[in-house]
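Note sheet for the following structure.
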């Protein structure tokens, strides 16, 4: 994690929101409960254990709080499609909904979609603090090369809070 992230302390007071429990992307047919994700032994972010369920990175902001909330999901599974199949095809302006345990919903609009080689993952663009309420959806993408451990890239959806 970049040193700037570790040392960042906002002077702005933001209201707390409920923890996320569900992700909905109607244009993609996604309606999934959310796992809570932490870090793996190598300090990388965990991935969901269930192919058909997305996961929220609990060490970051909650969706709707200031900052970049991160939700990960699989693009496919040994049996076929997974929760984030087709994520790379979302269009700018697509609405994403995150339902929270406090019975509120955070609504986001897609602003852009990027694909990066895993070796060039844009850690700062995904995780660095921001005062805006943002969301990042992440899945695998690019070429699948079994001998190299699977997918070689990540698809990242960038979205900003709507309302």
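At R0 = 30 Å, how high is the FRET efficiency between residue 31 and residue 160 if r is their beta carbon distance? Nearest 0.05 is fine.
Computed FRET efficiency for residue 31 and residue 160: 0.90.
What ratio of Cα Rg to 2.2 N^0.38 Å holds for region 18-161? Don't jump to the answer; show the numbers that get you there.
Details: Rg = 14.1 Å, N = 144, 2.2 N^0.38 = 14.5 Å.
Against the compact-globule rule of thumb, the ratio is 0.97.
Okay, helix-only estimate at 222 nm for the chain: each DSSP H run of n ≥ 4 adds -39500 (n - 2.57), divide by all residues, round to 500 deg cm²/dmol; what do you get?
-1000 deg cm²/dmol
Considering only C-alpha atoms, what is the centroid distance from region 46-75 to region 14-34, in Å?
If you average the Cα positions of each part, the centres end up 9 Å apart.
Within region 41-62, which residues have the backbone N less than 14 Å from the label spot 7 Å out from residue 8 along Cα→beta-carbon, could you tell me?
59-62
With a 10 Å radius around each residue's Cβ, average the other Cβ atoms per peptide and rank 39-47, 135-143, 20-28, 147-155, highest first.
135-143, 20-28, 147-155, 39-47
Could you pull out which residues in region 117-148 have an amide N less than 13 Å from a spot 7 Å beyond the Cα of residue 91, following the Cα-Cβ vector?
Output list for this probe position: empty.
Here, each number is a calculation from the coordinates, and none is a lab measurement. These figures come from a predicted structure and were not determined experimentally. Here Cβ is always computed from backbone atoms with ideal geometry, including for glycine, and neighbour counts include all displayed protein chains.
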